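The values are calculated or read from the model by the stated rules, or taken from the named source; none is laboratory data. Remember, predicted model here, so these are calculated numbers, not experimental data. So basically every Cβ, Gly included, is an ideal-geometry build from the backbone, and we count neighbours across all protein chains shown.
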There are 6 protein chains.
Amino acid sequence: MYSITVREHIMIAHSLRGAVFGPAQQLHGATYVVDVEFRRSTLDSDGIVVDISRATAVLRDVLGGLNYRNLDDESALKGQNTTTEFLARFIFDRLIAALSRGELGPGSSAIESIRVTLHESHVASASFDGRI
Amino acid sequence: MYSITVREHIMIAHSLRGAVFGPAQQLHGATYVVDVEFRRSTLDSDGIVVDISRATAVLRDVLGGLNYRNLDDESALKGQNTTTEFLARFIFDRLIAALSRGELGPGSSAIESIRVTLHESHVASASFDGRI
Amino acid sequence: MYSITVREHIMIAHSLRGAVFGPAQQLHGATYVVDVEFRRSTLDSDGIVVDISRATAVLRDVLGGLNYRNLDDESALKGQNTTTEFLARFIFDRLIAALSRGELGPGSSAIESIRVTLHESHVASASFDGRI
Amino acid sequence: MYSITVREHIMIAHSLRGAVFGPAQQLHGATYVVDVEFRRSTLDSDGIVVDISRATAVLRDVLGGLNYRNLDDESALKGQNTTTEFLARFIFDRLIAALSRGELGPGSSAIESIRVTLHESHVASASFDGRI
Amino acid sequence: MYSITVREHIMIAHSLRGAVFGPAQQLHGATYVVDVEFRRSTLDSDGIVVDISRATAVLRDVLGGLNYRNLDDESALKGQNTTTEFLARFIFDRLIAALSRGELGPGSSAIESIRVTLHESHVASASFDGRI
Amino acid sequence: MYSITVREHIMIAHSLRGAVFGPAQQLHGATYVVDVEFRRSTLDSDGIVVDISRATAVLRDVLGGLNYRNLDDESALKGQNTTTEFLARFIFDRLIAALSRGELGPGSSAIESIRVTLHESHVASASFDGRI
């Protein structure tokens, strides 16, 4: 299996609901350094998994809807507990949607799975990894 | 598949038995920066893989039995070659035991697999990855 | 010159005032991975710059006043633009205060300068470096 | 599953063919920091996945054929688009060949899969992961 | 002293002249991950060292003249041995020129010194640090 | 000021004397990832601070006297508390000695200062920085 991974980041505010979150129930925030790995079994005719420029542009576009926001106020996230795990899946789903709209370019339909990892500090991260 | 990863570290002395280890047959030591990834297919009702505070506390507890020790003198490791690979499995087994005792909290029984990685330097690491 | 550096992190929400900040004028947040370097010309009788356990405890205590907060609502920061640079200085000042109260232990009066660095992402950081 | 990972690096020049590469169609270069993960289900009688010294030596040997070269001029790469993905597979294939020649030592025939990752910057990497 | 640091990268080909460089006398290449630290004694009225967006844009502009090039063919570098140390100074000089042209914005004249660091691998880097 | 930095690592056992060290008074160990920065005001005729191959070889040689050892048993360290700070200075002194013997090559007498940093984990390091 071949893969490429690209990295971007966002800075958001939010609060979490549930006693398990302790002080993170208060309004606070995070920098998420986001790694996205795209995988496929064979390379395209250019010898790549996906156009890395397009992949980065699509990732920036997806993250742009979250960046510099208070996630508690975002209608797209209404009623959601925006845990790091949830956000990894949320970004995964939007990348799949972009892929299905052809935004990752010709040949990208051969992508078989994607892993989204959000690093929230030097000691913690969360991922969602799924097939397309 | 969702996952979260937490990081801690230990500092231990030990020696290794076998010609393959060369100078590491002498008593020396290591800092192991330990990453533990917990994985499950669905999130719990709080939207998480596991309570990250509990996961870190359990990891600290497991590592506490090794930290600042000479592993050559530990009865729990009697007769073992405490390679980085062996220690990754050793920590994995103790995490599974803690999980089975319920120490990772309600809902943690849905955890399906765990990966333990020990970084021993900027150029080498070892892992054990297993189902529960 | 000898030095030691310890690392901790905080997760905060805030907004910034001024056109220069663009979208960061909205309420958002950040993870700051905080490195503090303590420097002195000679080691103490134990052969150290400062007790690393105390240094970490003092740093945690200082950061505890900011962690999981919305800095826009903190009375101690009233009217301040809580830029990364400002926060580096803010933490520096509180560390100096703790040092002057003797919280870093006997011999820590020999510390000559401190550098506080806040990493806000994988591509940006800010520091304050000053004499005591 | 057990694994160990070792790290080396190479510095090469090359150019890429295809409009998708934009300015990378010009002769330029890269540092690739190369991580190789070796995996097997059980440890050998020494308690290891593979002799880490041999694994590093074999990796250095494989990389030595590329290091400080202009890949556009290498006969072994004639007519190839030396993308990061392609190079990950190229290194994988040569590691498999070394393994089949017994260069990784007794017991290394139990290695089941290998992952080769090339980090080309702080924001991009490519991998090839395959069974033996 | 306050500072901020921003990070970008370039990928270049070049060769070095001199027996001391061994195999690096051949045409090869490098990824340079470039950190630039800007320092000043006091913050501006917005509470910052410099507008981080402008600083990053100026750095990208300076690096754009080198990125995806064979430095052996660049007229601006004619007759130069483009060592990592030399390139750190080259980038420093161009940043100073941009600063003197006002490209870093109002108030940036208070910047007192700049440090440019080029990481060429996980085990080597070079810097130039100078007053303005 | 120009500088270059090279990285190597060692794995040692030791114990520390003094109540301040708590459990580190027991025999334990550490991996030290060692960064050495060499600085000078002007480059030599090859355009470098120092021959990076020689610098790395000298560093390996200095570290070779410590690597895979129990420092409590080393005669060169008799009666010393081998704290990370102490070891940074110890390595600095040996590098200075190698420099004075000409082991860093012609022109290396222009080196003005050296900084030795030992990273003992992902959250702690110590340095010694001195003029020659």
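Worth a mention:
- Only one entry in F:115, F:40, F:69, F:60 is at pLDDT 95 or above, within 20 Å of residue F:24 (Cα to Cα) and not aromatic (Phe, Trp, Tyr), namely F:69.
- Any hit, the stretch E:74-88, residues being more than 10 Å from every other protein chain (Cβ to nearest Cβ), of a type outside the set (D, E, K, R) and assigned to a loop (DSSP other than H, G, I, E, B): yes
- Scanning the stretch C:26-35 for residues that are assigned to a strand (DSSP E or B) and over 11 Å from residue C:9 (Cα atoms) yields C:28, C:29.
- Tallying residues that are buried (at least 20 other Cβ atoms within 10 Å of the Cβ) and without any contact (Cβ under 8 Å) to a residue 24 or more places away in the chain within the stretch E:56-65 yields 0.
- Criterion: over 27 Å from residue B:28 (Cβ atoms) and either of a type in the set (A, V, I, L, M, F, W, C) or surrounded by 20 or more Cβ atoms within 10 Å (Cβ to Cβ) (or both) - qualifying residue of F:104, F:77: F:104
- The stretch F:89-111 residues that are within 14 Å of another protein chain (Cβ to nearest Cβ), paired with ones that are assigned to a helix (DSSP H, G or I) (beta carbon under 7 Å, 6 or more apart): F:91/F:62; F:104/F:54; F:104/F:55; F:104/F:58; F:104/F:98; F:105/F:54; F:108/F:99; F:111/F:99
- Residue ID - farthest from residue F:61 (Cα to Cα), chosen from residues in the stretch F:21-49 that are hydrophobic (A, V, I, L, M, F, W, C) and more than 8 Å from chain B (Cβ to nearest Cβ): F:21
- From the list B:109, B:53, the lone residue that is surrounded by fewer than 20 Cβ atoms within 10 Å (Cβ to Cβ), part of a helix (DSSP H, G or I) and at pLDDT below 95 is B:109.
- Residue E:62 satisfies every condition listed in (1) under 30 Å from residue C:80 (Cα atoms); (2) more than 9 Å from every other protein chain (Cβ to nearest Cβ); (3) β-branched (Val, Ile, Thr) except (1).
- Qualifying residue in the stretch B:11-20 (condition: part of a strand (DSSP E or B), hydrophobic (A, V, I, L, M, F, W, C), more than 7 Å from every other protein chain (Cβ to nearest Cβ) and free of Cβ contacts under 8 Å to residues at least 60 places away in the same chain): no
- Filter result for residue B:114 (farther than 17 Å from residue B:10 by Cα, touching an Asp or Glu at 6+ places or on another chain (Cβ under 8 Å) and assigned to a loop (DSSP other than H, G, I, E, B)): no
- Number of the condition not met by residue A:57 [criteria: (1) under 17 Å from the mean Cα position of the chain (by Cα); (2) over 25 Å from residue D:129 (Cα atoms); (3) facing chain C (nearest Cβ under 10 Å)]: (3)
- Top-ranked residue in the stretch B:1-45 [being small (Gly, Ala, Ser) and closer than 16 Å to residue B:86 by Cα; ranked as surrounded by the fewest Cβ atoms within 10 Å (Cβ to Cβ)]: B:18
- Residue in the stretch D:86-94 that is within 15 Å of residue D:10 (Cα to Cα) and touching a Lys or Arg at 6+ places or on another chain (Cβ under 7 Å) present: no
- Selection of the stretch E:117-132 for residues being part of a strand (DSSP E or B) and within 9 Å of another protein chain (Cβ to nearest Cβ) yields E:117, E:119, E:120, E:121, E:124, E:125, E:126, E:127, E:128, E:129, E:130.
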